[in-house]
1. Going by how many other Cβ atoms sit within 10 Å of their own, how do 144, 64, 224 line up, fewest first?
2. How long, wide and thick is the chain, going by the Cα atoms along their three principal axes, in whole angstroms, largest first?
3. With springs connecting C-alpha atoms under 10 Å apart, model the chain as a Gaussian network and identify which of 259, 109, 182 has the largest mean-square fluctuation.
4. For the stretch 167-285, what is the convex hull volume of the alpha-carbon atoms per residue, in Å³?
5. Relative contact order, percent, of the chain when contacts are C-alpha pairs under 8 Å separated by at least 6 residues?
6. Got the relative contact order for the stretch 1-118 handy, in percent, Cα pairs under 8 Å and 6 or more residues apart?
7. Just how far, in whole angstrom, is the stretch 226-271 from the stretch 107-132 if you go by their alpha carbon centroids?
8. Filter the chain for me: DSSP H helices, axial length by Cα at least 27 angstrom, mean Kyte-Doolittle hydropathy not below -0.5. List them by residue number.
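Rule-based calculations on the coordinates, nothing more; no lab input. Everything numeric here is computed off the predicted structure, so don't read it as measured data. All Cβ positions, even for glycine, are placed from backbone atoms using ideal geometry, and neighbour counts span all protein chains on display.
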Amino acid sequence: MTDTSVTTRDAAQALGVSQASLKRWCDRGLLPVVRTPGGHRRLPISGLVQFVRDRGLEIARPHVLGLPAPRRRSAADAETLRRAMQAALESGAEAETRRLILGSYLAGTAAVEILDDWVAPAFRAIGDRWAHGEIAVYEERRAVEMCVRELHQLRAFLPPAAPDAPRAIGGTLAGDPYSLPTTMLEIALREAGWHAQSYGCGLPTGTLVEALQAVRPRLLWLSVSTLESEQQFLADYAVLYAAALKLGIAVLVGGRSLTADLRDRMQYSAYGDNLRHAVSFARALCPPVPDAPAAPEDPR
Ligand code: B12
């Protein structure tokens with residue numbers, strides 16, 4: 001599946017329903033549709049995925065849309081799932097990695113939970129095994145590549161942010177090549193309804209300041225997984241923080257290299273240990289708009 005939208009025929013086939021039923025759901029607004037220039041309905045994959053998740057539907061033929069089978073939560077606890085994730089990532093088992101990440105999301109597990117509780121700990125374990133010479137460098141790199149691909153797919157499954165949703169941008173500073181955390185933050189904040197965009201890794205401070213001035217987000221996140229020089233980092237970071245402060249932009253920091261000692265010498269709006277903390281801070285900064293109250297009944 002490469003397209004972000006699918007035909008009603010493929011969607012009906014995947015869900016195991018008639019095309020007429022599917023079109024009825026579209027007309028009742030249960031499934032978002034876009035129209036081709038020729039007037040044909042197309043279903044954005046994100047709308048279809050939310051429809052399936054919200055109703056706990058079984059997808060009869062997920063392969064029609066290139067989707068994995070939903071992976072329902074069993075009695076298996078987080079540790080079992082973490083081990084399954086680690087095994088799949090280590091052995092280069094692409095389909096299983098996909099089933100664990102995307103299949104779990106399709107079955108209703110929050111992206112933040114999948115990433116914080118299974119994927120990040122699996123990589124910690126992979127790192128430890130690499131450090132002990134138990135897995136080869138290529139196995140670690142392959143795991144990162146596979147994970148990046150599934151994260152991009154997971155992002156495509158998330159509902160689009162509302163036009164007036166708050167904006168967040170983030171990434172890593174020069175010398176920090178760790179791409180998974182910043183990609184995951186983008187997903188976590190998108191899942192929380194933000195327009196979140198990761199600008200990637202190795203960003204010079206100057207260009208991030210330019211981005212803050214041009215984009216004016218509500219929030220800047222910075223992930224710090226490695227430091228070449230603490231002194232250089234603190235100097236670069238101070239410039240960035242001052243620019244954000246001037247523009248009224250909150251700065252959220254995190255990552256394995258931000259020790260308590262280092263944080264003592266930094267100023268920031270919030271520090272988080274994980275994606276859940278990022279989402280909590282984002283919610284406090286811009287609380288989600290509650291659903292509009294139901295219209296009073298027509299008394300006539
Ligand atoms: C993959 C990996 C790499 C890849 C990264 C590729 C890529 N595209 O990202 C590459 C090949 C670059 C790499 C290189 C190296 N690596 Co490396 N790497 C890892 C590994 C296995 C996984 C990292 C990862 O992505 N984890 C997944 C993320 C999502 O988890 P996380 O970082 O914990 O993030 C979570 C939280 O920290 C938090 N978070 C993170 N950022 C932020 C930001 C905000 C705002 C918030 C709120 C939260 C938050 O939320 C996340 C989700 O829960 C780690 C093992 C580990 N313990 O992490 C080793 C590890 C970090 N690497 C290590 C080493 C030694 C190296 C090298 C020196 C190896 C070498 N000899 O070349 C180089 C150094 C590179 C450099 N310039 O610094 C060591 C570091 C040891 C140490 N003392 O610091 C580790 C710990 C492995 C080990 N156990 O020994 N590595």
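1. Numbers: 144 15, 64 18, 224 22.
Exposure proxy ranking, most exposed first: 144, 64, 224.
2. 65, 57, 38
3. Residue with maximal mean-square fluctuation among 259, 109, 182: 259.
4. 84 Å³
5. Once divided by the residue count of the chain, the mean separation gives 13 percent.
6. It comes to 26 percent, rounded to a whole number.
7. 25 Å
8. Those that clear 27 Å and a mean of -0.5 are 137-157.
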